[in-house]
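Colleague: Below is one structure. I have some questions about it.
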């Protein structure tokens, strides 16, 4: 047992001695190897970052085009369907007026029907104007919000790309100057992290730009609700007046 | 008499072997010992046989066992106490395998004295290389992992675009009855329906931020552990 212990102890001491001898050599060789490998492959190492930025910027642009197309299609479809709806309902109201006129036998009743028709058409026009105005205001607000957002995003992405280019140029210059690979890498990482954090901060601010749209949306929503409420009031009064006239 | 004869033959054998080593032919040797031709013939036959079949000659097992049992256990008169238990185990078949294993182990112990230092250095070298390689690889793996995650999030970039609304009201031609209440209700229904178009216009606002994921993905183009 003692003999074994001596052997193990001697072996460990020997191992520690060997390690102490080879460690600095290995460390130096490793550092030197990394330095050479890092700087000789710097373009190759950076390429994926640049490629991803290019690809994702292209995807962002494609997304913008998709949004534009979607928005245009929605608006065109909405306008067309609303126009059809109104034309159909205009025709239907005319048919209603004709039936009402047929029921009016006296001049007073005929006058009451004519008055009802005028009141309704005026109310419908007022309501439609309010609605169209609200839809138009929302459209403008959406366009403006998108434009403002895109301008801000373009600025943020440009700053991020510029920061990346600066960081890459610095890394290459440091390589040429023989700066230690670890230092170059850490400097590059710090620069890119700062640029990325700045972009995130910009992005969070951009997200808040929605406020302008929300404000317009809420104001116009209230306007439309009021227009509809006014229209309902007008219609109920007009209906009540006509019923009274036709019963006489 | 026999002893004298045997000694004489032993001397002759020694001299014959010497002559043979000196390169003399068998005829010359026979000529030197004319009275021992018969014995010389046997000797030469034995020498030729050994020369020819030497590698294939095996002793009788029983004879070999007897010879080996007479050989002392060590070169000194004192036997190694470490192997004394083997004597006790002799004759027991269950111990024979253990004995063989013990012999192998003893042989390995001796080998390890030589192999261990070289092995330790080799292991250290492998560990150092492994750490450097694994470090690089694991970093690359992280990058790949990150890359994968990021690519997955990029794949989620395609947000479902807001479809063109299919729930917008379609106008119907309602029958005109001439009833005031029915007429008023029909016109009021128009107002409610048109309000749906405004609600649909508000939905356009969702497209303002429909590029959020794309912007976010662009911001994630750089992986911190990549460089």
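Listed here are the residues, each with its yes/no results for (1) touching a helix residue (DSSP H, G or I) at 6+ places or on another chain (Cβ under 9 Å); (2) surrounded by fewer than 18 Cβ atoms within 10 Å (Cβ to Cβ); (3) part of a helix (DSSP H, G or I).
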{"position": "A:178", "(1), (2), (3)": "yes, yes, no"}
{"position": "A:195", "(1), (2), (3)": "yes, no, yes"}
{"position": "A:221", "(1), (2), (3)": "yes, yes, yes"}
{"position": "A:228", "(1), (2), (3)": "yes, no, yes"}
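Colleague: While we're on this one: Looking for whichever is facing chain B (nearest Cβ under 8 Å), part of a helix (DSSP H, G or I) and either touching a strand residue (DSSP E or B) at 6+ places or on another chain (Cβ under 9 Å) or without any contact (Cβ under 8 Å) to a residue 12 or more places away in the chain (or both) here; the options are A:207, A:186, A:147. Which one fits? If you could, list the steps in order and put the result at the bottom.
Modeller: On the way: A:186 fails: facing chain B (nearest Cβ under 8 Å); A:147 fails: facing chain B (nearest Cβ under 8 Å).
Result: A:207 is the single residue among A:207, A:186, A:147 that is facing chain B (nearest Cβ under 8 Å), part of a helix (DSSP H, G or I) and either touching a strand residue (DSSP E or B) at 6+ places or on another chain (Cβ under 9 Å) or without any contact (Cβ under 8 Å) to a residue 12 or more places away in the chain (or both).
Colleague: While we're looking at this one, here's another question. I'd like the full set of residues that are more than 7 Å from chain A (Cβ to nearest Cβ) and under 60 Å from the mean Cα position of the chain (by Cα), limited to the stretch B:181-211.
Modeller: Selection gives B:206 alone.
Colleague: Also, quick follow-up: Going by the structure shown, is residue A:164 touching a residue at least 24 places away in the same chain (Cβ under 8 Å), assigned to a helix (DSSP H, G or I) and in the same structural domain as residue A:232 (by TED's automatic domain parsing)? Talk me through it step by step, then tell me what you get.
Modeller: Values: touching a residue at least 24 places away in the same chain (Cβ under 8 Å): yes; assigned to a helix (DSSP H, G or I): yes; in the same structural domain as residue A:232 (by TED's automatic domain parsing): yes.
Yes: the conditions hold for residue A:164.
Colleague: Residue A:159 versus (1) surrounded by fewer than 19 Cβ atoms within 10 Å (Cβ to Cβ); (2) free of Cβ contacts under 8 Å to residues at least 40 places away in the same chain; (3) touching a helix residue (DSSP H, G or I) at 6+ places or on another chain (Cβ under 8 Å): which is the lone unmet condition?
Modeller: (2)
Colleague: Quick check on the stretch B:171-180: of everything there that is at negative phi, at the interface with another protein chain (Cβ under 7 Å from one of its Cβ atoms) and assigned to a loop (DSSP other than H, G, I, E, B), which residue is surrounded by the fewest Cβ atoms within 10 Å (Cβ to Cβ)?
Modeller: Filtering the stretch B:171-180 down to residues at negative phi leaves B:171-177, B:179-180.
Cutting the leftovers down to at the interface with another protein chain (Cβ under 7 Å from one of its Cβ atoms) gives us B:171, B:173-174, B:176-177, B:180.
From the residues that got through so far, the ones that are assigned to a loop (DSSP other than H, G, I, E, B) too are B:171, B:173-174, B:176-177.
On the way: B:171: 18, B:173: 10, B:174: 17, B:176: 19, B:177: 15.
In this case the residue turns out to be B:173.
Colleague: Turning to a different aspect of this structure: Given the criteria assigned to a helix (DSSP H, G or I), in the same structural domain as residue A:219 (by TED's automatic domain parsing), at pLDDT 95 or above and farther than 30 Å from residue A:225 by Cα, does residue A:159 qualify? Steps first, answer last, please.
Modeller: Numbers: assigned to a helix (DSSP H, G or I): yes; in the same structural domain as residue A:219 (by TED's automatic domain parsing): yes; at pLDDT 95 or above: yes; farther than 30 Å from residue A:225 by Cα: yes.
For residue A:159, the condition - assigned to a helix (DSSP H, G or I), in the same structural domain as residue A:219 (by TED's automatic domain parsing), at pLDDT 95 or above and farther than 30 Å from residue A:225 by Cα - is met.
Colleague: Could you list, ordered by first residue, the pairs with Cβ atoms under 6 Å in which the first is in the stretch B:164-177 and under 19 Å from residue A:100 (Cβ atoms) and the second is at pLDDT 80 or above, at least 6 apart or interchain?
Modeller: Correct list of pairs: B:173/A:92; B:174/A:92; B:174/B:186; B:176/A:95; B:176/A:96; B:176/A:99.
Colleague: Right, something else. Name the residue, out of A:130, A:114, A:137, that is part of a helix (DSSP H, G or I), farther than 30 Å from residue A:64 by Cα, more than 8 Å from every other protein chain (Cβ to nearest Cβ) and touching a helix residue (DSSP H, G or I) at 6+ places or on another chain (Cβ under 7 Å).
Modeller: Values: A:114 fails: touching a helix residue (DSSP H, G or I) at 6+ places or on another chain (Cβ under 7 Å); A:137 fails: farther than 30 Å from residue A:64 by Cα.
Exactly one residue qualifies, and that residue is A:130.
Colleague: Would you check which residues across the stretch A:43-74 are within 20 Å of residue A:148 (Cα to Cα) and more than 7 Å from every other protein chain (Cβ to nearest Cβ) and list them? Quick ask: steps written out before the conclusion?
Modeller: The first filter runs over the stretch A:43-74 and keeps only residues within 20 Å of residue A:148 (Cα to Cα), leaving A:57-72.
Those that are within 20 Å of residue A:148 (Cα to Cα) and more than 7 Å from every other protein chain (Cβ to nearest Cβ): A:58, A:61, A:62, A:65, A:68, A:69, A:72.
The values are calculated or read from the model by the stated rules, or taken from the named source; none is laboratory data. Owing to the predicted nature of the structure, the values given are computational and were not obtained by experimental measurement. Cβ atoms come from the backbone with ideal geometry, glycine included; neighbour counts cover every protein chain shown.
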